[in-house]
Each structure stands twice: as structure tokens, then as C-alpha cells.
Amino acid sequence: MNLISVIFTIFVQFCVCEIHRGGILYPKNTETRQVVPLDGLWYFIAPNTTNPFIGFENHWYKRSLKEVDYFELHLMPVPASYNDITTDKKIRDHVGLVWYDRSFFVPTSWQSERVWLRFGSISYAAQVWVNGQLVMSHEIGHLPFVAEITDVVKFGKENLVTVACDNTLLSDTVPQGKVEELISGRLDQTYTFDFFNYAGIDRPVYLYTTPKIYIDDITIATVAITETEALLEYNISILGNSSQSCRVTVLDKNKKQVASSQDLNANGVIKVDNPILWWPYLMDSNPGYQYTFQIEIFDENSKLIDHYPITIGIRTLTWTNTSLLINNKPLYLHGFGRHEDSDIRGKGLDLPLVIRDHNLIKWVGANVYRTSHYPYAEEIMDVADELGIMIIDECPSVNTEIFTDTLLAKHKISLTELIKRDKNRPSVIIWSAANEPRTAQPAAKNYFKQIIEHIKTLDNSRPTTIVESQSAGVVESSRYVDIISFNRYNGWYHYEGDLDVITYYVIKEAQAWHDRFQKPVIMQEYGADTLEGLHFLPTFIWSEEYQVKLMSEHFKAFDYLRKQSFFIGEFLWNFADFKTAQTYTRVGGNKKGIFTRNRQPKLSAYHLRRRYWQLASEYNSNVTLPEDLQQPYVFQSSTSHIEL
């Protein structure tokens with residue numbers, strides 16, 4: 001490893017993957033809490049990588065970046081990945097540290113409160129200073145982190161927050177990568193996963209308050225459902241030194257109280273009569289129904305101390321060796337792998353895009369997607385909860401191939417943070433421990449045994465999976481999961497151009513997985529790159545017609561497998577085209593989407609739409625097919641003729 005890589009390793013190790021030991025509740029304004037967003041334009045500097053630690057040497061965190069000499073200062077939007085914002089390829093392809101800062105004001109009225117700073121995500125490793133004092137560090141992107149900053153802020157005055165962000169991926173990061181110095185002196189980041197390594201402050205930043213005694217974490221689970229009642233088990237963590245009582249109240253969508261309980265304990269079971277269950281999209285006429293679970297704590301004089309509401313869905317998940325059931329009804333999953341990816345913003349949160357994507361998901365008739373290959377923004381998850389779109393929630397482990405104790409510890413931390421964040425979401429139906437790890441290696445067996453055991457200690461109410469690309473005959477790790485998932489690109493990476501063999505090989509492999517492990521099976525990825533507007537007759541690889549035909553050959557296999565009872569899901573790769581690293585196998589990125597990167601349909605979108613809506617009508621006879629589902633009007637025969 002060269003000197004520069006050693007320096008980056010030291011920075012990542014300095015971040016030490018610290019976990020905020022408490023909860024990670026999303027900031028909300030209530031009568032006891034105030035929230036101020038810090039999104040907007042921040043100042044930004046990308047140092048020359050020949051001296052990556054210059055910001056530390058010159059204490060950039062003790063003054064505004066506007067005062068730094070000899071470096072170009074940029075305005076950088078937050079949230080957004082920084083890579084595609086400028087016109088400078090050095091910033092797009094930058095490897096290593098970058099710096100952000102901005103000022104913010106803390107009102108004097110906050111002096112009696114705790115003050116917190118929360119980042120939705122910084123990729124990949126970060127250190128954060130407030131007024132020149134280090135307040136938190138974090139490793140692993142796509143996950144939130146928070147710290148109390150009460151003792152370092154200046155009330156009634158302007159304050160400065162500074163962030164050092166390092167996007168370097170190494171053999172002991174999640175995910176893994178490699179850095180080398182080119183003959184030109186430039187650092188080059190390589191990785192085996194097939195999406196662009198966007199970086200920066202990708203998600204919202206919040207300044208917020210809590211009372212001195214406050215609700216720190218909430219865990220809610222549906223433990224039993226009958227036709228007339230549901231039992232919800234709750235456990236609430238309250239921090240601060242005082243005696244208090246806790247009241248929980250359940251409100252329906254109209255804010256009508258349907259259940260309430262109050263005692264000295266912050267844990268227990270509450271009953272909801274005649275519950276409206278959370279159902280997936282197209283499985284019920286009222287999908288995504290949510291209640292508000294409201295927590296209030298009071299002091300010994302019955303004065304309100306803190307109040308935090310959380311939305312929940314009442315539903316159960318169970319599984320067997322052939323099926324996955326929601327509310328005791330079998331699920332058949334039909335959806336996508338996706339990416340957080342768009343022009344200019346990269347992986348930055350973009351609310352118009354979030355709503356557009358979910359409108360397209362509903363239009364297609366999908367009921368699920370996987371957060372491939374990392375956790376998605378909480379705001380995205382909120383939309384899925386509300387619309388009834390199910391989610392396979394995946395941690396950032398992708399293409400893992402070097403199995404070490406250091407990596408294992410970080411992998412567990414990524415899952416701890418993910419499950420802490422998403423444990424109460426009704427949309428999350430499966431935890432995915434990794435995508436395409438090299439599980440044929442002997443070291444992978446015990447590694448993933450520990451990973452799955454770790455997930456089960458955190459949450460055993462949902463099944464687990466590992467999304468495999470290795471063949472069923474060489475994998476050992478899948479014996480530990482609840483549901484088998486596999487990716488295979490017949491007709492593309494395998495048997496390219498050979499559409500006539502796809503159905504056979506998909507059936508053969510899915511059956512092999514079930515025969516060996518006796519568990520439900522999902523095909524998580526299949527597909528073909530398709531250049532928008534490219535047409536061939538007869539079909540030819542890369543054309544829109546080829547993508548449609550490849551999908552049809554998979555559909556034949558899926559229909560056969562559905563009759564075998566153990567096959568429970570089909571996921572097309574990908575929802576939309578996305579950016580990748582520069583390579584001769586990619587024309588501006590991965591083009592396997594049924595939508596373009598700017599979210600317009602290819603021929604395949606209409607083809608998939610007809611299938612997914614027909615699937616939905618099979619398991620729900622009340623589904624009304626869209627009027628425009630069939631092909632446009634072409635011809636109607638006439639019974640009359642004209643005499644000559």
C-alpha cells in the first residue's frame with residue numbers, strides 16, 4: 001500500500017466506526033421539540049490529494065473555509081453528492097478528503113434544552129466539528145448519525161459546523177474497494193460493484209432540540225392479530241434522571257384515539273380493537289394504512305416533559321420453507337432492484353424524484369423493491385410505508401470478497417444502525433445481509449453465520465436473506481438465512497444473445513436452490529442493457545426489442561416455478577438506468593432500466609406493466625386493471641361489405 005493509501009487508512013481508522021449508543025429517531029417538531037434544517041448552500045473545498053491532510057495541519061475546522069488561501073472555494077448544495085455539481089472532472093473523480101462548512105444560528109430560547117446535530121448520511125467516512133471542537137465521527141455511508149452539541153454551541157450567536165468527508169473505499173470498508181496511485185500521480189479508486197461511488201453530504205442535515213429528559217428510542221411490534229383486535233408490544237427508552245410516567249396513545253388516520261395506556265413503565269402491550277391492517281399495494285383496497293403511535297412522558301406533577309409521535313402499520317410476517325405470509329396471506333413479490341441515482345444530484349435526496357419514482361412503481365403495478373445495494377433515505381422509506389410498497393432492506397455490503405474480523409465488526413455495525421433506524425417500518429419485510437458476496441470462499445461460511453445471528457439478535461420478526469451470485473452447489477452461507485435470493489443474467493452475462501435457453505436455465509437454478517436448502521426462493525436480479533431508441537428486427541442484443549423478449553423468456557420460467565409453490569418473487573434489474581464507473585462495457589452507465597435515467601419508459605416498461613397488473617389480479621380479484629393496460633386500438637372486423 002502506498003503512502004497516500006496509508007494516510008487514508010489512518011483517517012478511516014480515526015473515525016473508528018463509532019455508534020451513537022442511543023436511538024436515531026427522525027427529528028420532528030412537537031410542543032416539546034424544535035427542528036431547524038441546515039440544508040442549502042455550504043462552502044466546499046476539495047484539497048489536492050498530494051497533501052490530503054492539509055486541512056488538519058492548518059486547522060480548517062477552526063475558521064470558515066472562506067478564509068482558506070490557495071484553494072478554489074465552491075458553493076455546494078446539501079443534500080447532494082458533490083461529484084456531478086461542478087464542471088471539473090477532478091472533483092467528479094476525486095479520491096479522498098473534501099471539506100464542507102456553513103454557519104448557523106442557535107436562539108437563546110434553546111438554552112434550557114438539549115441541542116442535537118444529525119446527518120442523514122455522509123459517504124463514506126466523516127468527522128464533524130462545531131465551533132472548532134470535534135463532536136462526532138462516523139464510518140459507513142447511507143446511514144444517519146447524531147450527536148448532542150449543547151456544550152459547544154453559542155446561544156444567541158452564530159456558530160460554525162465543519163465536515164471532513166472521505167470517500168475512500170479499502171479492503172476493510174463496507175463496501176470494499178482499492179486505491180492506487182497512477183503514473184500521473186492521480187489517485188484512482190476501483191471497486192467491483194457496478195454503480196458510481198457518489199460521495200458527500202447526501203441527505204438532510206438537522207439541528208434540533210429535545211428536553212433534558214427525553215424519549216430516546218422506540219420499538220413497536222405487532223405480536224398478535226385476530227379479526228377483532230391487535231396486540232402491539234412497545235418498548236420506549238427514556239433518558240434523563242427523573243421519575244416520570246409514560247402515556248402511549250394510538251390514533252387512527254383521522255386522529256381519533258383508538259387505544260391508550262398510562263403507567264410508570266415505558267414498556268408493555270396495548271390492544272387496538274377492530275384494527276385496520278397494513279396491506280401491500282394492490283393486495284387490498286386500502287393499502288399502506290398507518291396509525292400514529294404517540295408517546296408522552298410526564299413528571300411527578302403531571303406536567304408534559306416530552307412528546308414524540310411515530311407512524312406504524314399493524315401487520316404480521318410469518319414464513320415457512322416454501323412461503324412468506326403477511327397477515328397470514330401468502331405473498332408473491334413482483335418488483336425491482338433500484339438505485340438512489342439521478343442526474344446532477346447523484347445520490348442526493350431529491351423529493352420530486354422520490355415521488356415520481358413511486359408514481360411509476362404504482363403505474364407499473366409493482367408491489368416491492370430492494371434497496372440495492374445500501375439503505376435508502378428515510379424520506380424514501382416514509383413514502384413506501386404510506387403507499388404500501390414493500391421493501392427488502394439491504395445494508396451496504398456488496399461484492400464482499402475479503403473476510404476479516406475488522407470487516408465483520410463493521411458489517412455488524414452497518415446492520416445495527418440499519419435495523420435501529422428501520423425496525424418500526426411496516427414496509428420492511430426482509431433484511432438483506434449482503435449483495436453478491438463471494439460466498440464460495442471457505443471463510444464466508446462462518447462470517448455469514450455470525451452476520452445472520454447478529455441480525456436475529458436485533459430483530460427476529462422479519463426473515464433474512466443474502467442475495468447470491470454464486471451457484472447453489474458451492475454456497476454454504478445460505479443455510480443460515482430464511483429466504484434464498486439469487487441473481488442471474490441468462491441471455492446477457494451468460495449465454496449472451498441466446499434467448500432460447502433462458503427459461504430452461506432459470507427453472508433449473510431456482511429448483512436447485514430449493515432442493516439444496518429447502519427454503520423459499522426469490523430471483524432478485526435478471527435483465528439486459530438496453531439503449532433507448534435502438535431497434536432491431538429480428539431482435540438483437542442491446543435493442544429495446546431484445547430486452548422485451550428476454551423478459552418474456554423469464555416470465556415463462558416464473559410462471560412454471562410459481563406452480564411449484566416455493567418460488568415467491570421476481571425482481572427485474574433495474575427500475576431505471578444509473579451511473580457507473582467509467583468502463584468500456586458501459587455507455588454512460590448501466591442501461592438495464594425499464595425507465596431511462598430521467599424516468600421515461602422504454603418498451604419494456606409497458607411489457608412489464610401488463611405482467612405485474614395481471615399478477616396482482618390473480619391474488620386479488622378486486623383489482624381493477626387500468627383502462628390503458630392493453631395495446632392501443634388497432635382494428636375491429638366488419639360484418640358488412642360493399643357490393644360492387
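The values are calculated or read from the model by the stated rules, or taken from the named source; none is laboratory data. Note that the coordinates shown come from a computational prediction; the quantities given were computed from them, not determined experimentally. Cβ placement follows ideal geometry from the backbone for every residue including glycine, while neighbour counts extend to all protein chains displayed. What goes into the accessible areas is simple: the full protein's heavy atoms, side chains included, and nothing from ligands, DNA or RNA. Shrake-Rupley method; radii C 1.70, N 1.55, O 1.52, S 1.80 Å.
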- Message: Being open to solvent by 10 Å² or more (accessible area, probe 1.4 Å), hydroxyl-bearing (Ser, Thr, Tyr) and either over 30 Å from residue 145 (Cβ atoms) or touching an Asp or Glu at 6+ places or on another chain (Cβ under 6 Å) (or both) is true for just one of 495, 526, 480. Which residue is that?
- Response: 495
- Note on the structure: Within the range 364-417, the residues that are hydroxyl-bearing (Ser, Thr, Tyr) and surrounded by fewer than 23 Cβ atoms within 10 Å (Cβ to Cβ) are 404, 406, 416
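Could you list, in sequence order, the residues of the range 344-376 that are among the small types (Gly, Ala, Ser) and touching a helix residue (DSSP H, G or I) at 6+ places or on another chain (Cβ under 8 Å)?
Here is the first cut: in the range 344-376, the residues among the small types (Gly, Ala, Ser) are 346, 348, 365-366, 372.
Residues satisfying the conditions are 365, 366.
Quick check: is even one residue across the range 161-172 assigned to a loop (DSSP other than H, G, I, E, B), without any contact (Cβ under 8 Å) to a residue 24 or more places away in the chain and touching a strand residue (DSSP E or B) at 6+ places or on another chain (Cβ under 8 Å)? Don't jump to the end; show me each part of the working.
Residues of the range 161-172 assigned to a loop (DSSP other than H, G, I, E, B): 167-172.
From what's left, without any contact (Cβ under 8 Å) to a residue 24 or more places away in the chain: none.
No, that holds for no residue.
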- Query: Name the strands (runs of 3 or more DSSP E) wholly within the range 381-471 that hold at least 3 residues that are of a type in the set (Gly, Ala, Ser)?
  - Reply: 428-435
- Query: Looking at (1) in a loop (DSSP other than H, G, I, E, B); (2) under 19 Å from residue 27 (Cβ atoms), which is the one condition that is false for residue 206?
  - Reply: (1)
- Message: For the range 188-213: of the residues being aliphatic (A, V, I, L, M) and either open to solvent by less than 10 Å² (accessible area, probe 1.4 Å) or touching a Cys at 6+ places or on another chain (Cβ under 9 Å) (or both), which is nearest to residue 397 (Cα to Cα)?
- Response: 199
- Note on the structure: Within the range 524-578, residues in a strand (DSSP E or B), among the aromatic types (Phe, Trp, Tyr) and touching a Lys or Arg at 6+ places or on another chain (Cβ under 9 Å) come out as 571, 578
- Note on the structure: So, first residue under 19 Å from residue 194 (Cβ atoms) in the range 431-451, second residue of a type in the set (Asp, Glu) and in a helix (DSSP H, G or I), Cβ within less than 6 Å, six or more apart or across chains; the pairs are none
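Considering only the range 214-260, how many residues are within 18 Å of residue 422 (Cα to Cα), of a type in the set (Val, Ile, Thr) and open to solvent by 50 Å² or more (accessible area, probe 1.4 Å)? Quick ask: steps written out before the conclusion?
We begin by selecting, within the range 214-260, every residue within 18 Å of residue 422 (Cα to Cα); these are 215-223, 232-237.
So of that shortlist, the ones also of a type in the set (Val, Ile, Thr) come out as 215, 218-220, 222-223, 236.
Retained after the next criterion (residues that are open to solvent by 50 Å² or more (accessible area, probe 1.4 Å)): 219, 223.
So the count comes out to 2.
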- Among 46, 80, which is within 24 Å of residue 196 (Cα to Cα), small (Gly, Ala, Ser), open to solvent by less than 10 Å² (accessible area, probe 1.4 Å) and at pLDDT 95 or above? 80
- Query: Do we have any residue at all in the range 156-167 that's closer than 27 Å to residue 120 by Cβ, in contact with a Leu (Cβ under 9 Å, 6 or more places away or on another chain) and either open to solvent by 20 Å² or more (accessible area, probe 1.4 Å) or at pLDDT below 95 (or both)?
  - Reply: no
- Please find, within the range 560-581, the residue that is least open to solvent (accessible area, probe 1.4 Å) out of those that are among the small types (Gly, Ala, Ser) and under 17 Å from residue 194 (Cα atoms). 576
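Does residue 587 qualify as being under 21 Å from residue 535 (Cα atoms), touching a Leu at 6+ places or on another chain (Cβ under 9 Å) and not in a helix (DSSP H, G or I)?
Details: under 21 Å from residue 535 (Cα atoms): yes; touching a Leu at 6+ places or on another chain (Cβ under 9 Å): yes; not in a helix (DSSP H, G or I): yes.
Yes; evaluated as a whole, the condition is true for this residue.
Looking only at the range 435-464, which residues are open to solvent by less than 30 Å² (accessible area, probe 1.4 Å) and either out of contact with any strand residue (DSSP E or B) (no Cβ under 9 Å at 6 or more places or on another chain) or at positive phi (or both)? Quick ask: steps written out before the conclusion?
First, pick out the residues of the range 435-464 that are open to solvent by less than 30 Å² (accessible area, probe 1.4 Å): 435, 437, 439, 444, 447-448, 451-452, 455, 459, 462-464.
444, 447 - these are the residues of the range 435-464 that are open to solvent by less than 30 Å² (accessible area, probe 1.4 Å) and either out of contact with any strand residue (DSSP E or B) (no Cβ under 9 Å at 6 or more places or on another chain) or at positive phi (or both).
Mind checking which strands (runs of 3 or more DSSP E) fall wholly inside the range 278-323 and carry at least 2 residues that are more than 26 Å from residue 24 (Cα to Cα) and modelled with pLDDT of 95 or more? Break it down stepwise before answering.
Values: elements: 291-298, 304-312, 317-319.
It comes to 317-319.
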- Checking residue 281 against (1) among the hydroxyl-bearing types (Ser, Thr, Tyr); (2) more than 15 Å from the chain's Cα centre (by Cα); (3) crowded, with 23+ Cβ neighbours inside 10 Å, which single condition isn't satisfied? (3)
- Is it the case that some residue within the range 521-542 is touching a residue at least 60 places away in the same chain (Cβ under 8 Å), closer than 16 Å to residue 568 by Cα and not hydrophobic (A, V, I, L, M, F, W, C)? yes
- Task: Could you give me the residue pairs with C-beta distances under 9 Å whose first residue belongs to the range 62-77 and is assigned to a helix (DSSP H, G or I), whose second residue is of a type in the set (Asp, Glu) wherever it lies, and which are 6+ apart or on separate chains?
- Result: 65/101; 66/101
- Query: Which residues, taken from the range 287-308, are open to solvent by 60 Å² or more (accessible area, probe 1.4 Å) and under 20 Å from residue 250 (Cβ atoms)?
  - Reply: none
